[in-house]
1. Using only helices, what value at 222 nm comes out for the chain when you add -39,500 (n - 2.57) per DSSP H run of length 4 or more and divide by the total residues, to the nearest 500 deg cm²/dmol?
2. Positive end of the dipole of the chain, charges at C-beta (+1 Lys, Arg; -1 Asp, Glu), about the Cα centre: which of VAL87, ASN149, LEU203 has its Cα farthest in that direction?
3. Roughly what would the spin-label model give for LEU172 and SER337, points 7 Å off Cα along C-beta, in nm?
4. Over segment 175-230, what per residue volume does the convex hull of the Cα atoms give, in whole Å³?
5. Sort 14-27, 377-390 by the packing proxy (mean of other Cβ within 10 Å over each peptide's residues), most packed first.
6. Return the sequence-ordered ³J(HN,Hα) values of segment 118-134 in whole Hz as given by the Karplus equation 6.51 cos²θ - 1.76 cosθ + 1.60 applied to θ = phi - 60°, using x for Gly and Pro.
7. Any idea which of VAL176, GLY139, PHE42 is furthest toward the positive side of the dipole for segment 4-288, if Lys and Arg beta-carbons carry +1 and Asp and Glu beta-carbons -1?
8. Taking a threshold of 26 Å on the Cα-Cα distance, which of the pairs LYS213/LYS245; LYS146/LYS403; LYS129/LYS345 fall above it?
Amino acid sequence: MPTDIDVRKMPLWKNFLMLWVAGYVFLFMLTTNLGLGWGVPFYKSLLEWFGLNILGIKDFHIVYGLSNGDSLATYVQACFNSILSLVLAAICTPILRGKRRFIHQFYLFVIVIARYYLALSMLFYGMGKIFDVQFVARGYTVLEEKVGNMSPMGLLWALMSASRSYTFISGLLECVGALLLFWRRTAILGAITTMIVMLNVVLLNYNYAVPVKAFATHLVLLCLFILSPDLKPMWNFFILHKNEKLRFHTYTSDKRWINISLSIIKYIVVIGILYYCINVGYRTEPQRNVTLSDINGVYEIQSIIYNGDTLGHSSPPTASRREIIKNWKRIIIEIPSYAKVYDGKTSKTYTTTRNPMDSIITFTNTELGTSGSFHYSIHKDSAIFSGTVKEDSIILNTLVKHKKDYQLNKSGFHWVLVPNPDR
């Protein structure tokens with residue numbers, strides 16, 4: 001970034017480029033994800049008109065809440081903001097030709113806003129990792145799923161969920177970078193830290209088909225934007241090994257009350273952002289961790305006693321029992337009101353209600369019109385469910401599998417390699 005003397009000597013094209021870049025960054029922060037976004041009817045209508053009439057996208061419509069991530073609307077928005085900022089820069093450059101210092105100050109002002117926007121984004125995701133609410137793919141359904149059947153994103157989420165310490169440290173680094181961005185003296189270090197962390201995130205998003213590639217890429221570009229006034233001195237110092245000094249831009253007034261007011265506003269904003277991000281993570285964690293610890297698990301059905309007749313899976317079923325055996329081979333009970341019943345190839349989702357005092361659980365599938373209440377008795381490695389389904393008496397003899405029984409969860413950390421005979 002030019003010094004005060006250089007500002008007056010800047011060529012017109014540099015003024016135009018600064019206005020274009022700063023304008024795009026400002027529009028991005030104002031209109032995407034954490035900004036106003038598609039919730040503003042006028043802006044939403046402009047995007048739809050632009051997509052339909054300028055880009056020629058047939059039947060292009062934005063559904064608020066469903067057009068986030070890497071949807072077509074995301075890229076239409078980026079294209080629209082680029083053109084809009086380009087047009088505004090072209091109009092304002094000749095008008096502000098004699099006020100190049102104003103362009104310089106506007107650029108620095110947008111950098112300040114970008115620091116807070118980036119800090120808010122990183123704190124939001126960082127707290128999600130610290131409070132363990134972002135990567136939650138460690139349930140029984142994921143543990144039972146074959147790796148080959150997982151989506152790339154599902155595989156990544158399972159990988160991240162397998163190591164609590166890794167996700168915690170990742171979130172901590174994101175939060176450290178965010179906190180450094182709040183203060184001018186540490187903003188460069190915060191932008192560098194955040195960019196290093198986000199480059200890893202971007203690579204994961206790109207290579208595992210995580211649908212927030214556009215947003216993550218913008219966060220990396222925001223880091224470069226924040227660093228842009230000091231890119232030249234950093235190049236000279238790190239690459240050319242020249243003596244350099246980073247510029248420290250101050251924003252103070254001659255009036256003491258204005259400086260005090262700005263400091264108060266700053267700390268109110270910082271405390272507000274911290275409270276919001278911590279509160280979201282703290283409130284979400286206990287909700288996600290609500291479980292039925294005494295009944296959650298995978299139940300492999302060994303035999304079914306159907307109206308008093310014992311029926312194993314190896315024996316040929318009669319037509320009247322075929323549907324029972326087909327639908328009840330494995331049961332996964334994971335959260336308070338959710339269960340899955342497998343037949344080996346497909347699964348059916350059931351809602352569950354439970355009476356813990358009487359050890360009774362009810363499975364209901366309104367689509368199939370099926371409902372059954374069972375009394376359960378759980379032992380160390382086995383469980384018995386006895387109840388009725390469609391007026392038929394059924395007893396399920398099962399083997400129980402808990403999370404501690406999976407190799408992924410019991411391997412632990414070892415400095416020295418421990419041979420695993422089951423591997």
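1. Values: 14 runs with 215 residues, N = 423.
My calculation for the chain gives -16500 deg cm²/dmol from helical runs alone.
2. Most positive-ward Cα: VAL87.
3. 3.7
4. Working: hull volume 3.9 nm³, N = 56.
Each residue corresponds to 69 Å³ of Cα convex hull volume.
5. 14-27, 377-390
6. Along segment 118-134, the couplings run 5, 4, 4, 4, 5, 5, 4, 6, x, 5, x, 7, 5, 8, 6, 10, 8 Hz.
7. My answer, from the dipole projection, is VAL176.
8. Numbers: LYS213/LYS245 35 Å; LYS146/LYS403 16 Å; LYS129/LYS345 34 Å.
Distance filter (> 26 Å) returns LYS213/LYS245; LYS129/LYS345.
Read-outs: derived from the displayed coordinates by stated rules, not from any lab. Computed from a predicted model, the values in this text were never measured in an experiment. Virtual Cβ from ideal backbone geometry, glycine too; neighbours counted across all protein chains shown.
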